[in-house]
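> Just dropping this structure here.
Just so it is clear, none of the values below were taken in a lab; they were calculated from the coordinates. The model shown is predicted, which means the values in this text are computed figures rather than measured ones. Note that each Cβ is placed from the backbone with ideal geometry, even for glycine, and that neighbours are counted across all protein chains shown.
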Amino acid sequence: MEALTIGSIVLGFIGFLTALFIAALFFRRVVPTNEVHIVQSTKHTRSYGKDTPNGNTYYEWPAWIPMFGITKIIMPVSVFDIQLNAYEAYDVGRVPFVVDIVAFFRISDSNVAAQRVESFRELETQLLAIVQGAVRTILASHDIDRIMLERSIYGEQFTDAVRDQLISWGVVPVKNIELMDIRDAQENRVIHNIMEKKKSLIEMQSRQEVAENIKNAEVAEIDAKRERDIRDEQAQQAVGERAAEKIKMVGIANEQAQQEIKEQQRMTKEKEMAVIKVNDVKRAEITKDMNVVKADEDKQTTILRAEGDLEAKKKEAEGIKVEGEARADAERAMQLAPVQAQIALAKEIGENQGYQSYLLGVESIGAYKIVGIEQADALKVADIKIIANTGEPVQGMTNVMELFSSKGGTDLAAMMEGLSQTENGQALLERLGLAVKKAANEG
């Protein structure tokens, strides 16, 4: 029993889904390309159709279905027209007439249009009333003659008058409203009379133009005949003038020919004399040029010879000067060579401390050598005996030069004092004094 209940529930659910699917297929709507469907649901108003953001398909659930039910309004998206046929109007003077008007519109905002009307038929009725009001107002402010003459400007005025009002219906004009025809109302002949007047005016103007053209043609013929006669007279006069001119020109030409012959003879004679004069002048100029050339040649020869002698003297003087300067430079160089060598050596010695020490050592050795030799020579003849009275011989006088130092002097004085204390020492001092005196006398 429980299994049967579950199966029934499943079958019922499947049946519900099937019914729902069939209903969806039945209520599905595809909007044609030349229409827009404005769908009003519980909370929203949406437009479906070509080039709309909501697409061109929707489901038309009946309005009695809670939450899902909708209502719709169908509007065209193509251009539609509103026509006023045989519409009775009046001009500013209350003259009655009949006009035919055609206006072309399209829906620009379908949602606004759906809010204004319940169907497209109602929209057409309201637009027709708007156009009627604009046409009646504009035509009633102008004269019938002007309306007939300037019909083209009224279409633009009609369109400007309704454009702002059409925005409230979500509609825009596609082109200017056209005033197709204007004619008399029933039992009225105002426009007929105007047309007859226009016809008569045209006929009058046509006759005037024909008469004017005929008159102009006759005047033109008279003018043409007069001009032809004048041209004939002018032609005859021109023939006579040309004949007289020809005779005159022939006589003038003969006289001019004689004058030109004489002129040519005169010019020929003048040219011959001019040729002779030119020859003489040229001959004189040639002689003059030859003399000038010869004189200039002699002058140039003299100048060149003088310049050659002067240049030779200059070269000789320059040679002597150069030789003297070279000899002086050589002597000066020979004299300066040792000096420059000494200067270079002194510069080298002054900048080289090691070399200075070496030279001082060499000079000291030479000096010591000379002093030593002289000391040795002096000691040879000095008969000096050195007695060391210290404990060791090496502690006595280590250098003969110490005799000539303060230490040597002290030691020598001490020695002299010691010698004077003995007989032998006194004898030695006496002999030494005699030797010194003898040496002084000999010196």
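> For region 164-196 and region 292-322, what is the separation of their C-alpha centers, rounded to whole Å?
For region 164-196 versus region 292-322, the Cα centre distance is 124 Å.
> Mean separation of Cα pairs under 8 Å and 6+ residues apart, divided by the residue count of region 24-77: what relative contact order is that in percent?
About 40 percent, as a whole number.
> In whole Hz, with x marking every Gly and Pro, tabulate ³J(HN,Hα) for region 116-128 from phi via Karplus 6.51 cos²θ - 1.76 cosθ + 1.60, θ = phi - 60°.
7, 10, 9, 7, 5, 4, 5, 4, 4, 5, 5, 5, 4
> Give the whole-number value, in cubic angstrom per residue, of the convex hull volume spanned by the C-alpha atoms of region 79-188.
Per residue, the Cα convex hull of region 79-188 comes to 89 Å³.
> Can you pull out the GluC sites (Glu not before Pro) in region 179-274 that DSSP calls coil and that have at most 11 other Cβ atoms within 10 Å?
Loop-located and lightly packed - 187.
> Could you grab the relative contact order for region 66-193? Cα pairs under 8 Å, six or more apart, rounded to a whole percent.
RCO, region 66-193: 34 percent.
> How big is the Cα convex hull of region 24-77 in projection, averaged over all directions, in nm²?
The directionally averaged projection comes out at 3.6 nm².
> For region 29-109, state which trypsin sites (Lys or Arg not before Pro) are in a DSSP loop and have at most 13 other beta carbons lying within 10 Å of their beta carbon.
When the trypsin sites (Lys or Arg not before Pro) of region 29-109 are filtered for loop state and at most 13 Cβ neighbours within 10 Å, 43, 50, 94 remain.
> Which of the aspartates and glutamates could a cross-linker bridge to residue 262, judged by Cα under 19 Å and excluding same-chain residues fewer than eight apart?
270, 272
> Please give, to one decimal in nm, the separation of the simple spin-label points placed at residue 17 and residue 185, each 7 Å out from Cα toward the Cβ.
7.3 nm
> Measure off 7 Å from each Cα along the Cα-to-Cβ vector at residue 322 and residue 285, then give the distance between these two points in nanometres to one decimal.
Taking the two extended label points, one gets 5.1 nm.
> If I stretch the segment between residue 259 and residue 121 completely, what's the gain in nm (0.36 nm per residue apart, minus their alpha carbon distance), one decimal?
Stretched out fully, the residue 259 to residue 121 stretch lengthens by 38.4 nm.
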